[in-house]
Amino acid sequence: MSSLWSLAAWDAFQSIGSSQSYPPGVSVCEQGSPVRAVAILEEGLVKLLRWESREQPVIVGFRVPGWPLGSAAAILGTSHGVTVETLTRCRILSIAIGEFLNLIQDNLLVSADLHRIHSRELMEYVGHLGGLGALSARDRLLRKICEIAIAQYGSMTKGPLRIELPLSYTDLASAIVTTRQHLSRVLRRLEDENLIRRQRGGIVIPNVSRFRAAMCSEP
């Protein structure tokens, strides 16, 4: 069970939802489609994609176990605002929209947990938007690597720490709002500083303390 939810709230969701496993690369829901169910990520990692006028989507975030998917759109009665795609093998709890809305209306504990999660999400987006204007691509990359590490390990422990990268460098560049070419330059710079080592399918952080100190602030 994720620490995002209380035990009672999680039990309430499991009593009305059904779990299903998905391989990597599956779209769980599509931007613009009607919300028929709210999903809660039980295991794995997903990315959130947003299309505007560009042909290619922008990665607007990642979600780790415990995060609800589609809950805000369900409450507002709008269509999905993003496409959710699995990056790793995932297990997802699906709850029909009617049952979800009834539950958050009748169960104050579930409603309070959801308010707290939505508030956390809002604060993270504010920090992300502020970072786009104030942080360099290097600092945004350090934060993103830290975010992925915490998603995999729960915290950043002593190094060396190997982080699996379940996304392409093109996706990683999109996530920190830079080009693939500039990302390559930043990665080489971090290797020169001995903050990371690139390995097939992932990144190794030799010294976690030095890596965290290199970030201009905690994510």
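For Ile196, the residues 5 or more places off, or on other chains, whose built amide H falls under 5 Å of its own are Glu191. Given in Å, the Rg to one decimal and the Dmax to the nearest whole number for the Cα atoms of the range 7-132 are 14.4, 43. The Cα trace of the range 129-209 gives Rg and Dmax of 12.1, 32 Å, the first to one decimal, the second as a whole number.
Dividing the summed helix terms, -39500 (n - 2.57) for each DSSP H run of n ≥ 4, by the number of residues in the chain produces a 222 nm estimate of -14000 deg cm²/dmol to the nearest 500. How high is the relative contact order of the range 7-132, given as a whole-number percent (alpha carbon pairs under 8 Å, six or more residues apart)? Across the range 7-132, relative contact order equals 35 percent.
Mind listing which trypsin sites (Lys or Arg not before Pro) in the range 31-136 are in a DSSP loop and have 14 or fewer other Cβ atoms within 10 Å?
Within the range 31-136, the qualifying trypsin sites (Lys or Arg not before Pro) (loop, at most 14 other Cβ atoms within 10 Å) are Arg36, Arg54, Arg89.
In sequence order, the range 166-183 has phi-based couplings of x, 9, 6, 5, 5, 5, 5, 4, 4, 5, 9, 6, 8, 8, 4, 5, 5, 4 Hz under the Karplus curve 6.51 cos²θ - 1.76 cosθ + 1.60, θ = phi - 60°, and Gly or Pro positions carry x. Applying the Karplus relation 6.51 cos²θ - 1.76 cosθ + 1.60 with θ = phi - 60° to the range 64-74 yields 3J(HN,Hα) values of 10, x, x, 6, x, 10, x, 5, 5, 5, 5 Hz, where x marks Gly and Pro. Take the chain and mark each of the GluC sites (Glu not before Pro) that is in a DSSP loop with at most 13 other Cβ atoms within 10 Å; the longest unmarked stretch, sites excluded, is 56-192.
Between Gly202 and Leu165, the built amide H atoms are under 5 Å apart, and every one of these is 5 or more places off in sequence or on another chain. In order along the range 137-153, the phi-based Karplus estimate (6.51 cos²θ - 1.76 cosθ + 1.60, θ = phi - 60°) of 3J(HN,Hα) comes to 4, 4, 5, 5, 5, 4, 5, 5, 4, 4, 4, 5, 4, 5, 4, 8, 10 Hz; Gly and Pro are listed as x. Once amide H atoms are built 1.01 Å from N in the peptide plane, which residues 5 or more positions from Gly61, or in another chain, come under 5 Å H to H? Those lying under 5 Å, H to H, from Gly61 are Leu48. What you get for the range 90-215, charging only the Cβ of Lys and Arg (+1) and of Asp and Glu (-1), is a dipole of about 820 debye around the Cα centre.
Rule-based calculations on the coordinates, nothing more; no lab input. Every value quoted in this text rests on a predicted model; they were computed, and no experiment measured them. So basically every Cβ, Gly included, is an ideal-geometry build from the backbone, and we count neighbours across all protein chains shown.
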